[in-house]
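The values are calculated or read from the model by the stated rules, or taken from the named source; none is laboratory data. Computed from a predicted structure; not experimentally measured. Here the Cβ is made from the backbone with ideal geometry for all residues, glycine too, and neighbour counts use every protein chain on show.
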Amino acid sequence: MEISSPSFKYGEFIPRKFTCDGEDVSPALNWDKVPDGIKSFALISDDPDAPMGTWVHWVLYNLPPDLRSLPEGVPKNKQLENGAMQGITDFRRVGYGGPCPPGGAHRYFFKLYALDIMLNLDPGASKVGVVKAMQGHIIAQCELMGKYRR
């Protein structure tokens, strides 16, 4: 499975538009080479370089199994029109929160998981809750990493 963005390539700097210094909208994401038999996708975006430990920027789960992309600027709603749910981030709100490092260049990972179940979670779940619910149900995973410096 592979994930990419038309806005930046793996290891490149994330454009300002997708950060707290810009419009703070989520970048468009595309994925392919998906294995057969999946029931849903989950997406977690985080920053392992944050001073207080990994900072969670986005939690999305129960994305439909036939979905192969997310548009730029996913609405910051608990539930999306396609039935997917968004969780709470370390910004203490639902939906995407862009890079906003206090200093230096940080890495931001967009991790996509192909699952053999729909997660039995309400909208607004935490990353911890999603990761726990996914255990034993990950068929494939991939990641995209971008950097940002203020």
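Out of the residues in region 60-73 that are of a type in the set (A, V, I, L, M) and part of a strand (DSSP E or B), which is farthest from Lys132 (Cα to Cα)? Steps first, answer last, please.
Pass one, region 60-73, residues of a type in the set (A, V, I, L, M): 60, 63, 67, 70.
Filter once more, so that each one left must be part of a strand (DSSP E or B): 60, 63, 70.
On the way: Leu60: 14, Leu63: 17, Leu70: 24 Å.
By that ranking, first place goes to Leu70.
Would you mention how many residues in region 2-48 are of a type in the set (Asp, Glu) and surrounded by 15 or more Cβ atoms within 10 Å (Cβ to Cβ)? Working first, answer last.
Pass one, region 2-48, residues of a type in the set (Asp, Glu): 2, 12, 21, 23-24, 32, 36, 46-47.
Filter again for surrounded by 15 or more Cβ atoms within 10 Å (Cβ to Cβ), leaving 24, 46-47.
Summing the residues that are of a type in the set (Asp, Glu) and surrounded by 15 or more Cβ atoms within 10 Å (Cβ to Cβ) in region 2-48 gives 3.
Quick check: anything in region 106-125 small (Gly, Ala, Ser) and more than 20 Å from Asp24 (Cα to Cα)?
yes
Is it the case that region 82-97 has a residue that's closer than 18 Å to Lys147 by Cα, modelled with pLDDT of 95 or more and in contact with a helix residue (DSSP H, G or I) (Cβ under 9 Å, 6 or more places away or on another chain)? Please lay out each step first, then the result.
Here is the first cut: in region 82-97, the ones closer than 18 Å to Lys147 by Cα are 96-97.
Next cut, modelled with pLDDT of 95 or more only: 96-97.
Next, from what is left, pick out any that are in contact with a helix residue (DSSP H, G or I) (Cβ under 9 Å, 6 or more places away or on another chain): 96.
Yes; the residues of region 82-97 include at least one that is closer than 18 Å to Lys147 by Cα, modelled with pLDDT of 95 or more and in contact with a helix residue (DSSP H, G or I) (Cβ under 9 Å, 6 or more places away or on another chain).
Filter region 79-105 down to residues that are polar (S, T, N, Q) and without any contact (Cβ under 8 Å) to a residue 24 or more places away in the chain, then give me how many there are. Can you show your working first?
Of the residues in region 79-105, the ones polar (S, T, N, Q) are 79, 82, 86, 89.
Retained after the next criterion (residues that are without any contact (Cβ under 8 Å) to a residue 24 or more places away in the chain): 82.
Counting residues in region 79-105 that are polar (S, T, N, Q) and without any contact (Cβ under 8 Å) to a residue 24 or more places away in the chain gives 1.
What residue, of Lys76, Lys9, is closer than 14 Å to Met145 by Cβ and either free of Cβ contacts under 8 Å to residues at least 24 places away in the same chain or not in a strand (DSSP E or B) (or both)? First the steps, then the outcome.
Details: Lys76 fails: closer than 14 Å to Met145 by Cβ.
Being closer than 14 Å to Met145 by Cβ and either free of Cβ contacts under 8 Å to residues at least 24 places away in the same chain or not in a strand (DSSP E or B) (or both) holds for just one of Lys76, Lys9, which is Lys9.
Does region 92-150 hold any residues that are out of contact with any Phe, Trp or Tyr (no Cβ under 6 Å at 6 or more places or on another chain) and of a type in the set (Asp, Glu), and which are they?
The answer is Asp116, Asp122.
If you go through region 15-34 one residue at a time, how many are closer than 22 Å to Leu67 by Cβ and either touching a Pro at 6+ places or on another chain (Cβ under 6 Å) or without any contact (Cβ under 8 Å) to a residue 24 or more places away in the chain (or both)? Show your work before the answer.
Step one: filter region 15-34 for residues closer than 22 Å to Leu67 by Cβ, giving 18, 25-34.
Checking the rest, the ones that are also either touching a Pro at 6+ places or on another chain (Cβ under 6 Å) or without any contact (Cβ under 8 Å) to a residue 24 or more places away in the chain (or both) come to 18, 28.
Total satisfying the criteria: 2.
For region 99-119, which residues satisfy the criterion of being part of a loop (DSSP other than H, G, I, E, B) and closer than 24 Å to Met1 by Cα? Can you show your working first?
Filtering region 99-119 for residues part of a loop (DSSP other than H, G, I, E, B) gives 99-104, 116-119.
Matches in region 99-119: Asp116, Ile117, Met118, Leu119.
Does any residue of region 126-142 turn out to be part of a loop (DSSP other than H, G, I, E, B) and under 19 Å from Ala50 (Cβ atoms)? Explain how you work it out, then say what you get.
Residues of region 126-142 that are part of a loop (DSSP other than H, G, I, E, B), as a first pass: 126, 135-137.
Then drop every residue that is not under 19 Å from Ala50 (Cβ atoms), which leaves 126.
Yes, region 126-142 contains a residue that is part of a loop (DSSP other than H, G, I, E, B) and under 19 Å from Ala50 (Cβ atoms).
What's the number of the only condition in (1) surrounded by fewer than 16 Cβ atoms within 10 Å (Cβ to Cβ); (2) touching a residue at least 60 places away in the same chain (Cβ under 8 Å) that Leu144 fails to meet?
Against the list (1) surrounded by fewer than 16 Cβ atoms within 10 Å (Cβ to Cβ); (2) touching a residue at least 60 places away in the same chain (Cβ under 8 Å), Leu144 comes up short only on (1).
Filter region 121-139 down to the residues that are out of contact with any strand residue (DSSP E or B) (no Cβ under 8 Å at 6 or more places or on another chain) and not small (Gly, Ala, Ser), then identify the one that is farthest from Lys78 (Cα to Cα).
Per the stated criteria, the residue is Gln135.
Of the residues in region 17-59, how many are closer than 17 Å to Ala140 by Cα, of a type in the set (A, V, I, L, M, F, W, C) and outside any strand (DSSP E or B)?
Matching residues across region 17-59 total 2.
Every residue in region 70-104 that is surrounded by 13 or more Cβ atoms within 10 Å (Cβ to Cβ), closer than 18 Å to Pro15 by Cβ and not hydrophobic (A, V, I, L, M, F, W, C), please.
Glu72, Gly73, Tyr96, Gly97, Gly98, Pro99, Pro101
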